[in-house]
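Contents: one structure, followed by commentary.
We did not get these values from a lab; they are worked out from the coordinates using the rules stated. This is a predicted model, so every value here is computed, not measured. Positions of Cβ are generated from backbone atoms using ideal geometry, with glycine treated the same way; all protein chains shown enter the neighbour counts.
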């Protein structure tokens, strides 16, 4: 099963060989993949890229990862985040906190790639549904007429 063409992923993981392995496999599945090994690099990409799903390494400093999860949800609220956690490094409290902050799922490393791809597809689908709902809400509020420009560049928004 292949990924949705055009779905954009960001993988934030400090373990470069692991990150590259996942990136290469997901590119073969048809995803556009961006990589970041540090929090600062991930922040820059969040500001520059329109993303669908973030795979967030959740090993080591849990508070740093939770802070990045918060930043992701503040910067791009509809982006789905999948936490990647080592099976040896389990903190139930941090996992619960991640879900409360809006993580879509948490997967254990070592990863089953078929499961990862399936969860990414589901996350992309959920993001699409949430975007559609947001557009529908905007239309019912009249938001789709704002800022429309006619062929001569003049504002065509309804008056009143």
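For the residues 87, 7, 95, what sequence is obtained by ranking on other C-beta atoms within 10 Å, fewest first?
Ranked by crowding around the Cβ, least crowded first: 87, 95, 7.
For the chain, the longest principal axis of the Cα atoms and the long axis of helix 16-28 meet at an angle of about 50 degrees.
Contact order for the stretch 8-141, expressed relative to its length and based on alpha carbon pairs under 8 Å spaced 6+ residues apart, stands at 21 percent. Along its three principal directions, the equivalent ellipsoid of the chain from the Cα gyration tensor extends over semi-axes of 33, 17, 15 Å, largest first. Shape class for the stretch 57-131: oblate, because the ratio a/c of the largest to smallest gyration tensor axis (alpha-carbon atoms, square roots of eigenvalues) is 1.5 or more and b/c is at least a/b. Against the main long axis of the alpha-carbon atoms of the chain, helix 113-140 sits at an angle near 20°.
Note on residue 139/residue 16: beta-carbon distance plugged into 1/(1 + (r/R0)^6) with R0 of 41 Å gives a FRET efficiency of 0.40.
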